[in-house]
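Undergrad: A single structure is presented below for examination.
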Amino acid sequence: MRPTALGMGSAWIGARNGSEVEAVEAVHRAFERGINFFDTAPRYQGGKAERWLGQALADLPRDSVYVSTKVGVRPGEQADFTAQAINRGFEQSLSALGVDHVDLLLIHDPPEIESALADALEPMLRLKEQGLARHIGIGCRPSAFHLRAMETGQMDVVLTFSNYTLINQSALGDTIPDAMRRGVGLLLGSPQGMGTLTGVEPDQHQHPRAHAIWQWCQQHNVNLRDLALQFCLSLPINGCVLFGPATASEVDQGIDSATTPIDEATWTAFEQAFDIQRCTRRDQIPTSSVIDSA
């Protein structure tokens, strides 16, 4: 796969008005502005996101986009990673998306990693052999799950979220170096900190670090969304950063933030204020994970 540096997640599409039209417009705007990677899941928007993304994809050339979805978790059902559930869920996803294959299929948020891998890996590999899922991987937050999944040698891609942002860079100590060492692709989700780094004032008590960053941006006349997205995009990984717009206007805001120049003086001042350093070169990324070196 050759995804654009910025990809679109569909967890929030159409969420403002609960509208299919709104969701389809958002996907079309993203494609018009150059995005070619779209991630979804059966659980998003109570099951509507896959269908809405499928409606949008029907108007786009299939060979010009990459489509990613997930298995194991469906709305209104308990997590189930057995072969029967994987195959049934995958067929439902293909139908909702209106496609005959997906470019990436991810194990989604397993509550426990060993049984999920034991159950899901074989049917997912079979789907890959059949060309129905061109690549496979895992999408969840716990880094220990990423590392264990990559140990199997079968993961093409790992999706991590909220672990590499202006607030939290913990993935730099485990998931990111391990994936790079193994040649596994990376998807960085929630670059805007689950909504705390969008420019809207976050709750000072619930999110003190995000609030401090927001306050600094206010004082220095800096667009927080620009900083949040470009911090992630500056990481030299084999993969892409996933942002989650709800509407076409939010697509525009995200892409504009990803491409608006930020001068080095601003980055230097920010990094010094919060003891954060951007990784813009591969030699700045640890060569092994914290777990490996322990």
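Laboratory data are not the source of any read-out in this text; all were calculated from the coordinates shown. On a predicted model such as this, the values are computed, not experimentally measured, just so you know. Quick reminder, even Gly has a Cβ in these numbers, built from the backbone with ideal geometry, and neighbours come from all protein chains shown.
Undergrad: In region 171-188, what residues are farther than 13 Å from THR287 by Cβ and either surrounded by 20 or more Cβ atoms within 10 Å (Cβ to Cβ) or aromatic (Phe, Trp, Tyr) (or both)? Working first, answer last.
TA: Pass one, region 171-188, residues farther than 13 Å from THR287 by Cβ: 171, 175, 183-188.
Across region 171-188, the qualifying residues are ALA171, THR175, VAL184, GLY185, LEU186, LEU187, LEU188.
Undergrad: Counting only residues that are touching a Cys at 6+ places or on another chain (Cβ under 9 Å) and part of a helix (DSSP H, G or I), how many does region 21-63 have?
TA: Residues in region 21-63 being touching a Cys at 6+ places or on another chain (Cβ under 9 Å) and part of a helix (DSSP H, G or I): 0 in total.
Undergrad: How about region 82-108: which of its residues are under 25 Å from ALA144 (Cα atoms), in contact (Cβ under 8 Å) with a residue 24 or more places away in the chain and out of contact with any strand residue (DSSP E or B) (no Cβ under 7 Å at 6 or more places or on another chain)?
TA: THR82, ALA83
Undergrad: GLY239 is checked against (1) under 30 Å from ASN17 (Cα atoms); (2) buried (at least 20 other Cβ atoms within 10 Å of the Cβ); (3) small (Gly, Ala, Ser) and fails just one. What number does that condition carry?
TA: So the condition that GLY239 fails would be (1).
Undergrad: Within region 76-115, take every residue that is in contact with an Asp or Glu (Cβ under 6 Å, 6 or more places away or on another chain) and in a loop (DSSP other than H, G, I, E, B) and give me the one that is nearest to ARG2 (Cα to Cα).
TA: Step by step, filter region 76-115, then rank; the result is PHE81.
Undergrad: Looking at ASP226, ASP252, ASP256, ASP203, which is the one that is within 30 Å of SER10 (Cβ to Cβ), part of a loop (DSSP other than H, G, I, E, B) and of a type in the set (D, E, K, R)?
TA: Sole residue among the options that is within 30 Å of SER10 (Cβ to Cβ), part of a loop (DSSP other than H, G, I, E, B) and of a type in the set (D, E, K, R): ASP203.
Undergrad: Working carefully through the options SER68, SER115, SER64, find the one that is under 23 Å from ILE138 (Cβ atoms), of a type in the set (Gly, Ala, Ser), touching a residue at least 24 places away in the same chain (Cβ under 8 Å) and surrounded by fewer than 15 Cβ atoms within 10 Å (Cβ to Cβ).
TA: None of the other options fit; the residue is SER115.
Undergrad: If you go through region 227-263, how many residues are free of Cβ contacts under 8 Å to residues at least 60 places away in the same chain and either in contact with a helix residue (DSSP H, G or I) (Cβ under 8 Å, 6 or more places away or on another chain) or closer than 20 Å to LEU53 by Cβ (or both)? Before the answer, list the steps.
TA: Our first condition is that a residue be free of Cβ contacts under 8 Å to residues at least 60 places away in the same chain; within region 227-263, this holds for 230, 234, 236, 238, 249, 253, 256-257, 259-263.
When the remaining residues are screened for being either in contact with a helix residue (DSSP H, G or I) (Cβ under 8 Å, 6 or more places away or on another chain) or closer than 20 Å to LEU53 by Cβ (or both), the result is 230, 236, 238, 249, 253, 257, 260, 262.
Number satisfying all stated conditions: 8.
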